[in-house]
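Novice: Can you keep this structure in mind? I'll have questions shortly.
Please treat every number below as a calculation from the coordinates, not as lab data. Keep in mind that this is a model prediction, so the values were computed, not measured. Note that each Cβ is placed from the backbone with ideal geometry, even for glycine, and that neighbours are counted across all protein chains shown.
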């Protein structure tokens, strides 16, 4: 017997998260670690499970496994949140308007700006000296 799972891919900045949702006992694993152990910053857990709460799902009735790589903590948090929302949208198409209203299905397009020639970084110019 194979379990039916729903998968969503979320991206933000340089990080990518592959989220799988299966009906189960309520385990939430990120890179084979519990959610609270992987994301230790204050508010990260609440931000990640926000799509579940908006959809009206109970966290204890689904097993969620996440493979996330690249980027930093903020990028990984937001990519997991987007991947979870996309997986829930695949699970039940009636949830799409609710998730869209909450802003969970919109990918954040902001990325690192490229360095420009003649500048030190993307926008920082060398110090001006008159003489």
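Novice: Report the extension gain between residue 69 and residue 114 in nm, rounded to one decimal, defined as 0.36 nm multiplied by the number of residues separating them, less their alpha carbon distance. Don't skip to the end; give the middle numbers.
Specialist: Numbers: separation 45, 0.36 × 45 = 16.20 nm, distance 2.18 nm.
Roughly 14.0 nm would be gained on extension.
Novice: Could you let me know the centre-to-centre spacing of region 65-92 and region 1-64, using Cα atoms, in angstrom?
Specialist: So the separation of the two Cα centres works out to 7 Å.
Novice: Still on this structure, I have one more. How far apart, in nanometres, would the label points at residue 131 and residue 93 be if each is projected 7 angstrom from Cα along the Cα-to-Cβ direction?
Specialist: Going by the 7 Å Cα→Cβ label model, 7.5 nm.
Novice: Per residue, how big is the convex hull around the C-alpha atoms of region 86-131? Give it to me in cubic angstrom, could you? Don't skip to the answer; put the middle values down first.
Specialist: On the way: hull volume 4.5 nm³, N = 46.
Considering the Cα atoms of region 86-131, their hull volume per residue is 97 Å³.
Novice: Between residue 123 and residue 106, 0.36 nm times their residue separation minus their Cα-Cα distance comes to what? Present the calculation step by step, with values, prior to reporting the outcome.
Specialist: Values: separation 17, 0.36 × 17 = 6.12 nm, distance 2.74 nm.
Additional length available on full extension: 3.4 nm.
Novice: Okay, next question. Could you work out the Kirkwood radius for the chain, taking every pair of different alpha carbons, averaging 1/r and inverting it, reported in Å? Don't jump to the answer; show the numbers that get you there.
Specialist: On the way: mean 1/r = 0.0622 Å⁻¹.
The Cα-based Kirkwood calculation yields 16.1 Å.
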